[in-house]
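Below is one structure, written out as structure tokens; comments come after it.
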Amino acid sequence: MQLKKTFAVWTAALFVALPLQARTPAPQGAAVFILSPADGASVTSPVTVKFGVKNMSIVPAGEDKPASGHFHLLIDTDGLPPLDQPIPKDAQHIHYGKGQTEATVGLPPGKHTLQLLLGDFRHVPHEPPVASDRITITVTPP
């Protein structure tokens, strides 16, 4: 039993001592932005969101190429997720790992915020993060 405890303590210490893998560098001038809808727009659901990028290439997740990544759409978040780990995959953090440059999302009526965040081949944000401005849209009933 004591051997198991000692092994567990040493294993935990090893993982704490190991540095986190460095984030993928973003080239100078890299940017992502929402082409449509416009900030302040009133739209009906489903909403088509078109993504734009500058000074980077869009590739599928898993492809480790310099100056590249794939889109993640953040819906109604309070800010960016932790930047030193993979972007969550849930209803508020939608992954477009096939290299998509637009998406159609269903949203209930009301105000919503949208923001893009580029992830590297591991879904981890770049250094510095490549994120769009957050926009607000209003979804009206059909």
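Below is a table of values for the structure above.
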| quantity | calculated |
| --- | --- |
| Verdict on Phe33 being in contact with a Phe, Trp or Tyr (Cβ under 9 Å, 6 or more places away or on another chain), buried (at least 18 other Cβ atoms within 10 Å of the Cβ) and more than 12 Å from Gly119 (Cα to Cα) | no |
| Qualifying residue in the stretch 67-86 (condition: farther than 18 Å from Asn55 by Cα, modelled with pLDDT of 95 or more and touching a Phe, Trp or Tyr at 6+ places or on another chain (Cβ under 9 Å)) | yes |
| Residue tally, condition assigned to a loop (DSSP other than H, G, I, E, B) and either farther than 16 Å from Lys50 by Cβ or modelled with pLDDT under 95 (or both), over the stretch 99-128 | 10 |
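The rows are residues; the columns are (1) farther than 19 Å from Leu35 by Cα; (2) in contact with a Leu (Cβ under 7 Å, 6 or more places away or on another chain); (3) not aliphatic (A, V, I, L, M).
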| site | (1), (2), (3) |
| --- | --- |
| Gly69 | no, yes, yes |
| Thr77 | yes, no, yes |
| Leu83 | yes, no, no |
| Pro86 | yes, no, yes |
| Asp90 | yes, no, yes |
| Thr101 | no, no, yes |
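The values are calculated or read from the model by the stated rules, or taken from the named source; none is laboratory data. None of the values given here were measured: they were computed from a predicted structure. Glycine gets a Cβ as well: all are built from the backbone with ideal geometry, and neighbour counts include every protein chain shown.
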